[in-house]
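Taking it in order: structure first as structure tokens, then the write-up.
The values are calculated or read from the model by the stated rules, or taken from the named source; none is laboratory data. All values derive from a computational prediction rather than experimental measurement. Neighbour counts are summed over all protein chains in view; Cβ atoms, including those assigned to glycine, are modelled from backbone coordinates with ideal geometry. What goes into the accessible areas is simple: the full protein's heavy atoms, side chains included, and nothing from ligands, DNA or RNA. Shrake-Rupley method; radii C 1.70, N 1.55, O 1.52, S 1.80 Å.
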Amino acid sequence: MINLKQIRADFQEIYNHEPRLFQAPGRVNLIGEHTDYNGGFVLPMAIEYATTVAAAPREDRKIRVRSVNLNEEGEIDLDAPEQKLRGSWIDYVEGVARILERQNAKLRGADLLIASDVPTGAGLSSSAALEISVGLALSEISGYTVEKVKLALIGQAAEHEFVGAKVGIMDQFVSAMGKKGHALLIDCRELKAKQVPLDTKDVVIVICNSNVKHELASSEYNTRRAECEKGVEILRKFLPDITQLRDVTIEDFERYKVHLPEIIKKRCRHVVAENARTLAATEALGKSHLKEFGRLMWLSHASLRDDYEVSCKELDLLVSIAADCEGVLGARMTGGGFGGSTVNLVRHENLNNFRKKTSTEYERQTNIKTDIYVSGAAEGAREVFNGEI
Ligand code: GLA
């Protein structure tokens, strides 16, 4: 938990004036993986780990920014030419500021102090939390209120152009619009979401960080996107109305799959089935059919491992340890893959045993420690302090 009094005091000491404080959370995706950039459905929730930005306007057009976690600082001059792809966290800040300005928000200069307890490299969207918290802070202290969906799109555009990662919209959307106690069923084409109450009477959501992040992650992500587009291009010969894999039903896929090359067929099968699983899982959650929800999580993992091929041995190991623990209703990798975390649905009474068994077994077999987090569904981006504590 970030200590708001501390970050306010640190800000006052560094910059000599009073900040407002803004926060945006990381996320865990319960189901619906690699469907967002195919126009499909995802079911993430915001987590109780967030990035906090202390911010105050300046009289000039400079953004001075400091990261508490990294103990680094940077400066951006909004009147100087844009800089991008430096390969540093400043790219996220500059990207969000520049894209906001392109959307007709004339920004004031700003002093920013950033602190985060979202684990980085864990597949829990520390990047989206940074983009959304900075976007909210910069716009609000300049006197603009940007609609949350727009804020999400600005974060995504910043990541595409200034960071060079062609991500979908899920992470930014749920970081901006998450709802306490709820998962969000997001229709990634329509950019609309339905809040689904998360029934945690009997179960908790547990995140296990594999603490590995394989090099492949970003290049393979882009390859998967291209493979999905190729699939659409071929299937369109038979289904002229489709524009994205979202439009392909399981029946359509079964009928026309013979025309797809082997690899493309596997990628498409994952996306088409994952979309159906996400809708089925949402329905199950709505009825508190948690066993059914868990069953769909296991299937999702198998499909990501075998058809989409974005898992890795460490994630597979965490899922197989979970499968051997009592009281685990479902487990799967979450996020882009090739490392990062798994998400697990665990009965309250089995939580301690799950923790113990997972940490011991994972370390025994890999020599790597896992970090385990339990999180409820948290609220999305918001101002958390404005002059009064
Ligand atoms: C990353 C991306 C998301 C989404 C997931 C996979 O987290 O940022 O947009 O594509 O991978 O579901």
What number of residues in region 186-212 are open to solvent by less than 70 Å² (accessible area, probe 1.4 Å) and in a loop (DSSP other than H, G, I, E, B)?
5
Among Leu345, Leu329, Leu317, which is surrounded by 23 or more Cβ atoms within 10 Å (Cβ to Cβ) and either in contact with a helix residue (DSSP H, G or I) (Cβ under 7 Å, 6 or more places away or on another chain) or not assigned by TED's automatic domain parsing to the domain that holds Cys228 (or both)?
Leu345
What single numbered condition from (1) open to solvent by 40 Å² or more (accessible area, probe 1.4 Å); (2) within 25 Å of Val196 (Cα to Cα) fails to hold for Ala323?
(2)
Going by the conditions given, is Ala183 crowded, with 17+ Cβ neighbours inside 10 Å and in a helix (DSSP H, G or I)?
no
So Glu140 clears everything in (1) farther than 20 Å from Glu59 by Cα; (2) assigned to a helix (DSSP H, G or I); (3) touching a residue at least 40 places away in the same chain (Cβ under 8 Å) except one condition, right? Which one?
(1)
The one condition Arg332 fails out of (1) away from the ligand (no atom under 15 Å from the Cβ); (2) touching a residue at least 60 places away in the same chain (Cβ under 8 Å); (3) at negative phi is (1)
Filter region 46-60 for residues that are touching a Ser or Thr at 6+ places or on another chain (Cβ under 8 Å) and not charged (D, E, K, R); which is surrounded by the fewest Cβ atoms within 10 Å (Cβ to Cβ)?
Pro57
Could you tell me whether any residue of region 139-146 is open to solvent by 40 Å² or more (accessible area, probe 1.4 Å) and polar (S, T, N, Q)?
yes
Go through region 150-180 and count every residue that is outside any helix (DSSP H, G or I) and either open to solvent by 30 Å² or more (accessible area, probe 1.4 Å) or small (Gly, Ala, Ser) (or both).
7
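Filter region 235-269 for residues that are in contact with a Cys (Cβ under 9 Å, 6 or more places away or on another chain) and either in a helix (DSSP H, G or I) or farther than 19 Å from Asp306 by Cα (or both) and give the result.
Correct list: Leu235, Gln244, Leu245, Arg246, Val248, Phe253, Lys257, Ile264, Arg267, Cys268.
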